[in-house]
Amino acid sequence: MTTATVHPFERPLLIRFSHCDPAGIVFFPQYLVMVNNLVEDWVSEALHIPYAALVGTRRIGLPTVSLGCEFTAVSRMGDEVMLGLTLVHIGRSSLRLELGCRQGEQQRVRITQTIVATDLNTHRPLPLPDDLRQAMTAFQQA
């Protein structure tokens, strides 16, 4: 058993049938969907910047440019797990996150993710918007 990491931003999740493969465990790409939802919630709820407006109105994308995953234990339908996010680094145009899934003290998956801010009209990187940078800095210092 691996010791779980507790993150500053966490959300509980019930593992559902739709998350699982025929073996009855979470199909690994589903973890990426789960943590993408977590990132959206973090931006909207912890940073207080509506994610839908960031993407839809402001046309700022936050695509993943680097991703590393370590799967340490299985999750099954009916498990109640905790998804978590830690902001590790804020760069000029990018940010690095550590994400995880745990059940109690048992780590299920660890993910490192680098996200870059992009202009959704040109699909080119852009500096992190000031309000997003300020909110991330405040989150990191809290």
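A few remarks follow.
- Part-to-part distance (alpha-carbon centres) for the range 95-116 and the range 1-65, which is given in Å: 10
- When the solvent-accessible area of the chain is split by element, carbon and sulfur atoms take up 54 percent of it, the probe being 1.4 Å.
- With K and R counted +1 and D and E -1, the other residues having a Cβ less than 11 Å from that of Ile90 yield a net charge of +3.
- Accessible area of the chain divided out per residue, in Å², using a probe of 1.4 angstrom: 54
- Per-residue [θ]222 nm for the chain (sum of -39500 (n - 2.57) over DSSP H runs n ≥ 4, rounded to 500): -7000 deg cm²/dmol
- Charged neighbours of Arg108, selected by a Cβ distance under 12 Å, balance to -1 (K, R count +1; D, E count -1).
- Extended-chain gain in nm, criterion 0.36 nm per residue less alpha-carbon gap, Met77 and Thr64: 1.9 nm
- The angle between the Cα long axis of helix 28-41 and the main principal axis of the chain comes to about 40°, on a 0 to 90 degree scale.
- Folded to 0 to 90 degrees: helix 130-141 orientation relative to the chain principal axis, Cα: 40
- Listed values (1) -0.26, -0.57, -0.65; (2) -0.20, -0.45, -0.53; (3) -0.23, -0.50, -0.58 include one computed from this model; for log10 I(q)/I(0) by the Debye sum over Cα atoms at q = 0.08, 0.12, 0.13 Å⁻¹ that value carries the label (3).
The values are calculated or read from the model by the stated rules, or taken from the named source; none is laboratory data. Please read these numbers as outputs of a predicted model, since none were measured by experiment. Here the Cβ is made from the backbone with ideal geometry for all residues, glycine too, and neighbour counts use every protein chain on show. For the accessible areas, the whole protein counts, side chains as well, though only heavy atoms, and no ligand, DNA or RNA atoms are used. Shrake-Rupley method; radii C 1.70, N 1.55, O 1.52, S 1.80 Å.
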